[in-house]
1. Given an 8 Å cut-off on Cα distances and at least 6 residues of separation, report the relative contact order of the chain as a percent.
2. Which helices of the chain meet both criteria: a Cα extent of 27 Å or more along the helical axis and a mean Kyte-Doolittle score no lower than 0.0, with helices taken as whole DSSP H segments?
3. Among Asn261, Leu303, Ala22, whose Cα lies farthest out toward the positive end of the dipole of the chain, if unit charges sit on the beta carbon of Lys, Arg (+1) and Asp, Glu (-1)?
4. Which lysines, on any chain, are close to Lys40 with Cα under 23 Å apart, when same-chain ones fewer than 8 places away are left out?
5. When the Kirkwood hydrodynamic radius is evaluated over all pairs of different C-alpha atoms of the range 1-99, what value in angstrom, to one decimal, is obtained?
6. What whole-number distance in Å separates the alpha-carbon centres of the range 102-149 and the range 203-250?
7. Return the distance in nm (one decimal) between the two label points of a simple spin-label model at His68 and Ala224, each offset 7 Å from Cα along Cα→Cβ.
8. Can you work out ³J(HN,Hα) from phi for every residue in the range 214-230, in order, using Karplus 6.51 cos²θ - 1.76 cosθ + 1.60 and θ = phi - 60°, giving whole Hz and x for Gly and Pro?
Amino acid sequence: MAIKVAVIGAGTMGHALALVYALGGHEVRLTDSSMSMLDKAGGLMETALASLVAHGEAPAECTAEWLHAQVTRLPMLAETVEGADLIVEAIIENPETKRLLFTELDRLAPMDAVIASNTSYLDPFPLIPERRQARSLVMHWYTPPYLVDLVDIVGGPKTDPAIIAWASDLVAAMGKVPLVMQKFVPGYIANRIQSAIAAEVYRLLDEGVCTPEDIDTAVVHGLALRIPVVAVMAKADFTGLPLLQHALRNATYQPPPPRNNSETLDRLIEEGRTGVMTGAGYYEWGTDTQQLMAARDRRLVALKKAMREIGTMAGATRVQE
């Protein structure tokens, strides 16, 4: 059943989530406090949709005209959330900014609307007004959400279990993979694993051990081939648990402790090199963001198609021969 979805924040995740819900058959309204970001979102959605259609991941009738009929971009929050069934919060990871938004949503949004935060690490529940708690939850997607299927679904201490079940069914109906967690933990599962990788990456870069290119070479030609097929826990079984036990007992290397900064990262940000959206980060990317996103998506689609044929030996969907 189609619902009315309001997406707050048109940046990296917001515009992509608007596209996901539109492809799921829902009526979408998208807003952002930045008019330039809201304007840019239209082109980014068009480019992503064109890639999906070209590679058979979306119906041919999903044209740019269809998209803009399905997704309405609006400058005002009140107009965006009016009559919404689901309100998706996809703004900056700043607790005070989120608190202010939730306060405004409490004033403007229908009382029966479900509020879903896409937060990665912040606990949103203390920031949400009391009377909204029962119909609030986390629905955390991964970039780009129109290709990456995993969605973390987490209720707060006062979330109605029926809302969690409703959200899980909604995600599954769009062909995605809901992962319902028992309680909120910052980073969920996938992001926590990525955080452990990031801590090592920051140390290697800050200590001058290697370059960003070296790190990506090691991941692409070392880790990446095995992970889709045997992931982490199945890979342990293939390696043999006694070998892992001996490796733990005989380890001379200690992983880096959690860290709150990276000199390399701080320097890049000070230089204005904040990533693809600005044309440079660890790499030089240029200014054609839409072309870069399309190139990334083309490769992800090809990998996704290949994995459907290959199958996996890990997780709930593992294939055994």
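The numbers here are math on the coordinates, done by the rules we state, and not lab data. Treat the numbers as computed from the prediction; the structure is a model and nothing was measured. Don't worry about glycine lacking a Cβ; one is built from the backbone with ideal geometry, like all the others, and counts go over all protein chains shown.
1. Working: 445 pairs, mean separation 44.8, N = 321.
Reported as a whole number, the value is 14 percent.
2. Working: long enough: 35-54 (29 Å, 0.92); 289-310 (31 Å, -0.43).
Going by DSSP H runs, the hits are 35-54.
3. The one lying farthest along the dipole's positive direction is Leu303.
4. Lys4, Lys98
5. Details: mean 1/r = 0.0740 Å⁻¹.
Final number for the Kirkwood radius of the range 1-99 is 13.5 Å.
6. Value for the Cα centre distance between the two parts: 34 Å.
7. Computed distance between label sites His68 and Ala224 equals 3.5 nm.
8. Couplings: 4, 4, 5, 4, 5, 6, 5, 9, x, 6, 5, 5, 7, 4, x, 8, 10 Hz.
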